[in-house]
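Worksheet for the structure shown next.
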Amino acid sequence: MHMRRTGAVLSVAALAAGLTACGGDEQSYATVLEKVQGANKIVVGTKWDQPSLGLKMGAEPEGFDVDVAKALVKELAGGKEVEIEWKESASSNREPFLQNGTVDMVVATYSITEERKGKVTFGGPYVIAHQDVMVRKDDTSINSPQELKGKKICKAAGSNSYKRITEGPPDGELDIDATTVDAANYSECVQKLTGSNLDAVTTDDLILAGFAKQAGGNFKVLGQGFTDEKYGVGLKKGDTKTCEAVNTAVKKLWDDGTMKQLLDKWFGGIQGLKLSEAAPPAEGCS
C-alpha cells in the first residue's frame with residue numbers, strides 16, 4: 001500500500017511540474033483547469049499549416065480548431081479572458097509536447113484512438129470528421145477510396161491515415177495495395193500532389209476541405225468518408241479533472257449553437273462535405 005500511495009503522489013507531482021514548466025509560472029498547478037483559473041494563462045498546441053483548421057497567418061494561427069480552443073479555454077475560466085500562448089504542434093510531436101510540458105493542451109485535429117489513450121488523456125470529442133480522399137481536379141481514374149490500388153498516397157509523419165488505406169483491421173481499414181510517399185506534414189503532401197509526385201492525399205475530410213478551399217478549385221474531395229475520426233482535446237495523461245471540465249464545456253458549446261456557428265464559418269458551402277449536426281458522445285476521462 002505504501003508503494004502504491006508513493007507512486008500516486010509522484011504522479012501528481014510530475015503533472016504539476018509539467019504545468020509549471022509550460023508557462024514559467026512561479027506557482028505550481030496540479031491540473032490545467034487550476035492553471036487556467038489561477039494563472040489566467042495557458043499554452044495551447046495547434047496546427048499551423050492546415051487551412052481552415054489551424055493556419056499561421058500573422059502573430060497567431062487561425063481556423064476552426066483555434067476558435068474551438070479559445071471558446072473552451074474561456075469556458076474553463078468561467079467566462080474570464082485568458083491569455084493564450086500558441087505553439088505549433090505537428091502530428092509527430094503532440095504526445096511529446098504534452099508529456100514534457102511544452103503545451104498544456106492540444107487542439108489540433110487530434111483523433112482519439114485506443115493507442116493514443118495510453119499516452120494522453122482526451123477531452124471530447126468536440127466534432128467527428130471522416131477520412132476521405134483528395135485528388136487533382138482533372139484526375140478521373142480515382143473515384144472512390146477502393147480505386148487507390150497501385151496509386152501513390154501520402155504518408156505524413158505522425159499521422160495514421162495512410163494505415164486506413166494500406167492495412168486491414170484492427171489498425172487499418174481497407175487493406176489496399178497502395179504505395180506510400182513520405183512527407184513531413186499534410187501541407188507537404190498537398191505540395192507533392194500539386195507537383196504530380198502523388199496520386200492522392202487521404203486524411204480527415206475537414207483537413208482536405210481546408211486545403212481544397214485554399215487551392216481554389218485545383219483539387220476535389222471525393223466525399224466518400226469511410227471512418228469516424230473523433231477529434232479530442234489532448235491533455236497530459238492523468239489530468240481527468242480538466243478532461244471532465246472540457247467535456248462539460250463541449251456540451252455547452254454545442255447546446256448554445258457556438259460549435260455549429262464555427263463549423264459553418266470555416267467549412268460552410270464546401271461541396272461534398274457533411275458537417276456534424278450534434279455533439280458527439282463524450283469518450284470518458286481516463
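The values are calculated or read from the model by the stated rules, or taken from the named source; none is laboratory data. All figures in this text were calculated on a predicted structure; none of them were measured in a lab. Neighbour counts are summed over all protein chains in view; Cβ atoms, including those assigned to glycine, are modelled from backbone coordinates with ideal geometry. Remember, those area values only see protein heavy atoms, side chains included, never the ligands or the DNA or RNA. Shrake-Rupley method; radii C 1.70, N 1.55, O 1.52, S 1.80 Å.
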Check: Can you tell me how many residues in the range 96-115 are modelled with pLDDT of 95 or more and assigned to a strand (DSSP E or B)?
Finding: 2
Checklist line | Residues (surrounded by fewer than 20 Cβ atoms within 10 Å (Cβ to Cβ) and either in contact with a helix residue (DSSP H, G or I) (Cβ under 8 Å, 6 or more places away or on another chain) or closer than 17 Å to Gln224 by Cβ (or both)) located in the range 129-141 | finding: His130, Arg136, Lys137, Asp139, Thr140, Ser141
Notebook entry, point to check: Regarding Ile153, is this residue out of contact with any His (no Cβ under 6 Å at 6 or more places or on another chain), open to solvent by less than 10 Å² (accessible area, probe 1.4 Å) and in contact (Cβ under 8 Å) with a residue 60 or more places away in the chain?
Noted result: no
Notebook entry, point to check: Pairs, please: C-beta under 6 Å, at least 6 apart or cross-chain, first residue farther than 21 Å from Ser91 by Cβ and open to solvent by 40 Å² or more (accessible area, probe 1.4 Å) and in the range 213-233, second in a loop (DSSP other than H, G, I, E, B) and of a type outside the set (Val, Ile, Thr)?
Noted result: Asn218/Lys137; Lys220/Lys137; Gln224/Ser144
Margin query: Being among the aliphatic types (A, V, I, L, M), in a loop (DSSP other than H, G, I, E, B) and either exposed (fewer than 15 other Cβ atoms within 10 Å of the Cβ) or without any contact (Cβ under 8 Å) to a residue 60 or more places away in the chain (or both) is the requirement here; does Leu198 meet it?
Written below: yes
Notebook entry, point to check: Among the residues of the range 90-115, which ones are open to solvent by 10 Å² or more (accessible area, probe 1.4 Å) and more than 18 Å from Glu229 (Cα to Cα)?
Noted result: Asn93, Pro96, Phe97, Gln99, Asn100, Thr102
Next item on the list: Of the numbered conditions (1) hydrophobic (A, V, I, L, M, F, W, C); (2) under 19 Å from Gly54 (Cβ atoms); (3) touching a helix residue (DSSP H, G or I) at 6+ places or on another chain (Cβ under 8 Å); (4) at pLDDT 90 or above, Ala212 fails exactly one; give the number of that condition.
Entry: (3)
Margin query: Can you find a residue that is open to solvent by 50 Å² or more (accessible area, probe 1.4 Å) and either assigned to a strand (DSSP E or B) or more than 16 Å from Arg164 (Cα to Cα) (or both) anywhere in the range 116-126?
Written below: yes
Checklist line | Close pairs (7 angstrom Cβ cut-off, 6 or more residues apart or separate chains): free of Cβ contacts under 8 Å to residues at least 12 places away in the same chain in the range 35-57, among the polar types (S, T, N, Q) anywhere | finding: Gly38/Gln27
Margin query: Looking at the range 29-59 only, could you name the residues that are within 14 Å of Val107 (Cα to Cα) and assigned to a loop (DSSP other than H, G, I, E, B)?
Written below: Lys47, Trp48, Ser52, Leu53
Item checked: Lone qualifier among Leu206, Leu174 - being in contact (Cβ under 8 Å) with a residue 40 or more places away in the chain and in a loop (DSSP other than H, G, I, E, B) -> Leu174
Notebook entry, point to check: Restricting attention to the range 82-95, does a residue exist that is in a loop (DSSP other than H, G, I, E, B), closer than 22 Å to Glu277 by Cα and either under 12 Å from the mean Cα position of the chain (by Cα) or in contact (Cβ under 8 Å) with a residue 12 or more places away in the chain (or both)?
Noted result: no
Margin query: Restricting to the range 177-195, name every residue that is assigned to a helix (DSSP H, G or I) and among the aliphatic types (A, V, I, L, M).
Written below: Val190, Leu193
Item checked: Hey, Thr179 modelled with pLDDT of 95 or more, among the β-branched types (Val, Ile, Thr) and open to solvent by less than 50 Å² (accessible area, probe 1.4 Å) or not -> no
Item checked: Residue match in the range 220-242 (condition: modelled with pLDDT of 95 or more, among the hydrophobic types (A, V, I, L, M, F, W, C) and under 17 Å from the mean Cα position of the chain (by Cα)) -> yes
